Amino acid sequence: MTTSEAAVLLRSSRQHVVDICERGLLPYVKVGAHRRLRRADVEAFLRPELTRDQLKALWLHRAVAGRLVQDPDAVLAKAATNLERLRRVHPDGMAAKWLDRWRVVLDSGVEAVLDMLASRAPDAIELRQNSPFAGVLPEAERRAVLAAFADRWRSAHAA
């Protein structure tokens with residue numbers, strides 16, 4: 001579908017669709033000079049279904065986003081250091097592809113990183129599985145987030 005058609009589904013402007021495509025939040029392909037999106041990706045952007053592990057990663061990365069807004073330089077520096085270490089361990093293959101995507105996001109600035117940390121878009125879900133943000137949250141805070149998530153999950157999925 002075109003960006004204009006996607007904008008109607010997303011109830012946004014065409015430019016907003018272009019912007020979220022460029023930030024990597026919505027996958028697209030170029031046909032000539034035009035972007036084309038899969039309807040399934042646009043619908044998933046609206047209401048993606050997340051697995052338990054994907055939702056847990058989203059909760060942890062939202063906590064990282066909280067740290068990022070408090071101290072952007074320190075969090076981005078930690079992510080960059082981790083990213084370089086991971087790139088040495090995974091020089092090729094699928095992990096390298098996602099690590100390269102993280103490099104693009106980190107180079108795009110704090111707003112792009114915040115979007116990726118908190119997005120339910122398919123690309124963001126995949127990126128969070130190869131996250132360079134290890135060690136950003138103190139262990140006590142990480143455990144508290146995981147405990148809160150577990151409590152919420154149990155209450156939401158109680159029989």
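The values are calculated or read from the model by the stated rules, or taken from the named source; none is laboratory data. Keep in mind that what you see is a predicted model, and the values were worked out from it rather than measured. Note that we place each Cβ from the backbone using ideal geometry, even for glycine, and neighbour counts take in every protein chain shown. Ligands, DNA and RNA are excluded from the accessible area calculation, which covers all protein heavy atoms including side chains. Shrake-Rupley method; radii C 1.70, N 1.55, O 1.52, S 1.80 Å.
Structural remarks
- Ligands, DNA and RNA left out, the accessible area of the chain computed with a 1.4 Å probe is 52% carbon and sulfur.
- Computed label-point distance, nm, for sites Asp100 and Ser155 using a 7 Å Cα→Cβ extension: 4.4
- Calculated [222 nm] ellipticity per residue, helices only, for the chain: -21500 deg cm²/dmol; basis is -39500 (n - 2.57) per DSSP H run with n ≥ 4, divided by all residues, nearest 500.
- Accessible surface, the chain, averaged per residue in Å² (probe 1.4 Å): 57
- Label of the coordinate-derived value, Cα extents along the principal axes in Å, listed as (1) 55, 35, 34; (2) 83, 45, 25; (3) 48, 46, 31: (3)
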